[in-house]
1. Taking the dipole about the Cα centre of region B:273-356, with the C-beta of Lys and Arg at +1 and of Asp and Glu at -1, give me whichever of B:327, B:314, B:276 is farthest to the positive side.
2. Given charges of +1 on the Cβ of Lys and Arg and -1 on the Cβ of Asp and Glu, with all other atoms neutral, how large is the dipole of region B:6-124 about its Cα centre, in debye to the nearest 20?
3. How much of the DSSP bridge set in chain A is antiparallel, in percent, rounded to the nearest 5?
4. Give me the inter-chain shielding for A:12-19: mean count of other chain Cβ atoms within 10 Å, whole number please.
5. When the accessible area of each residue in region B:428-463 is compared between its chain alone and the complete protein assembly (1.4 Å probe; ligands, DNA and RNA ignored), which residues differ by at least 50 Å², being lower in the assembly?
6. Send over a whole-number figure in Å² for the accessible area per residue of region B:294-483, probe 1.4 Å.
7. Could you give me the ³J(HN,Hα) list for region B:347-358, computed from phi with Karplus coefficients 6.51, -1.76, 1.60 and θ = phi - 60°, whole Hz, x at Gly and Pro?
8. List the residues of region A:40-80 whose accessible area drops by at least 50 Å² when all protein chains are present, compared with their chain alone, using a 1.4 Å probe and counting only protein heavy atoms.
Amino acid sequence: MALRTELPAGLSVFVVEDEALVALNLEDILIELGCNVVGPAMRIDRAEGMFDEALAADVAILDVNVAGTMIFPFARKLAERGMPLVFATGYGRAGLPEDFSARPILQKPYTTQDVRAGLAQAIEAEGSATA
Amino acid sequence: MHRIDFRSLFETLPSPHMVLDRDLRFVGVNSAYEKAVLRGRDELVGKGLFDLFPNDGESGQRLRNSLLHVFETGESETLAYIPYDIPIPGDPDGAFEQRFWTAVHVPLRAADGHVQFVLQNTVDVTEFVKLRQAASLPLFRARPAELQLLERAREAEDANRQLIAESSQFRRLFQQAPGFFAVTFGPTHVFTFVNDAYLRLIGGRRVVGRTVAEALPEVSGQGFIELLDGVYRTGKGHLAEGARVVLDQPDVGGVREFFLDFSYQAIRDGEDRVIGVFVQGMDRTEAVRTLRRQRLLLDELNHRVKNTLATVLSIASQTLRSARDLPSAKADFESRIIALSKAHNLLSERQWASTDLHSLLLQEVSAYGSERVIANGPHVLLNPKAAIAFALILHELTTNAAKYGALSVDGGKVLVDWSALEDRLVFEWKEEGGPVVAKPERTGFGTLMIERVASGELTGTIAADYAPEGFNCRVAVPTRVYREAGDGAAN
């Protein structure tokens, strides 16, 4: 894919991921990409709490199933705010509901390049949607 | 405009006609019939056909069967040739007169469509038969045309009876076949036959004589009637596999979903015109459900594999990132993967349900024996997610103790205590008799991971103390988090 994968410097990325090891790895990847990590929130209630306390992030990477709870209701709240979203999932695109089916996904397991491409795609899509 | 008086038309028809009700009693006769059977209408109407014209032989049976069949199926029937003797009126000995007949039975329907009466048109062919008998005498070579006609009728009737015998056998086979069968007639698809399997499928509803739309109202809107229309119109059959249909089963309490393999085939008459549709098929509901379950299981398996690979990838990159050198990175990576693998073993032994904390601990520390690792705590079951998390924590604690702590020297001990309080599980790891401890200068992956797992993933707390006499740490996990059902491995 010939996606432009240059990310803005100092991008703030909100991470929701319930598995500590996977979250740790994602944090390392994001730091490597020059991003600031917001979170990670490892439970939905924690993520909701951060949202209510004026969450400040440019983009979110959301695990689809957070300790048995689907992320989508929460994801809709973020989407309503115009936040670009990337879904991380082991289910593939078929696991996304219709309203999110065009959003970028990170198919687990993912690499640094996958994360970079996913973030770039999300930002670009949201930019063109609001432009 | 003149109106026809149908009553007088019936009365004056030159051929004998009579009408029977469902109890096979005379409802009406015309005068030709009166003459044919030597009885007046006053003697006939209201009386049973077989009371007035008893016949215990084969002919009586055939006549009765034919009439009942017309009532049952609503289809006309012809008896081309039937010997049937009738009593001679007023004969003191109750003698019978030998007669031969042809008879046509036609259903008469009430407004609601059910067969209320049967009309019989009968012709006395006794004279023809006598001619034929005469013709069989050696001197009669010539055969009148009427006689030939009669013979053909008789042959046709014989062939027909044989067919009926065969077809009733077929009917039984169809009736009891495991697949479902139904026959519909006409452009509105009136059921004329359904077998037992079909009847089970539609919940035992009585459908014969009714259109598909009337008999199975829930089918409207599901596309099947349109398919039948198409087959009837074009004569081209239709095949379907695993087609979903919602059917009402009033006998077992309501609407259910089915998956059917079925075919519709046009039934044609002698002139190749479509007159009905033959429906046959199999109920594949169970097989389709099983396939779906398998599909779900496969999806879930795939998803779990992907998640596990994500974890492994993370362990690999974290281990490489924090390793002093490649050989130690290899050793650390291997031991972490093995710890994860053992936890999976325990979980799969328990059908991925839950695992007790003590087993997880034993698996990790068994190499050191119960004198060096002294475990003390109640039976606590962890859900799969908490089990994997604890397995990783226990692994890092044990590895640390073996490298730098109490398990790195002879005589060192670890006291492991846990207790299940009402709202949380408290787990304590206390090392004794090891080298003098100093807080490490930088936080290694192991420590970081324990913190993240305990506080983030398990939403608990962790307090680590690098006391000079021995490292100790205390992990507390909310009860709802380690107990709650739900798929711990899903992501």
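The values are calculated or read from the model by the stated rules, or taken from the named source; none is laboratory data. Please read all numbers here as calculations on a predicted model, not as lab measurements. Cβ placement follows ideal geometry from the backbone for every residue including glycine, while neighbour counts extend to all protein chains displayed. Keep in mind that these areas ignore ligands, DNA and RNA; they rest on the heavy atoms of the full protein, side chains included. Shrake-Rupley method; radii C 1.70, N 1.55, O 1.52, S 1.80 Å.
1. B:276
2. 340
3. That works out to approximately 10 percent antiparallel.
4. 3
5. Buried by the other chains: B:452, B:457.
6. Working: 9440 Å² over 190 residues.
Accessible area per residue, region B:294-483: 50 Å².
7. 5, 6, 4, 9, 6, 6, 8, 8, 9, 8, 4, 4
8. A:42, A:43
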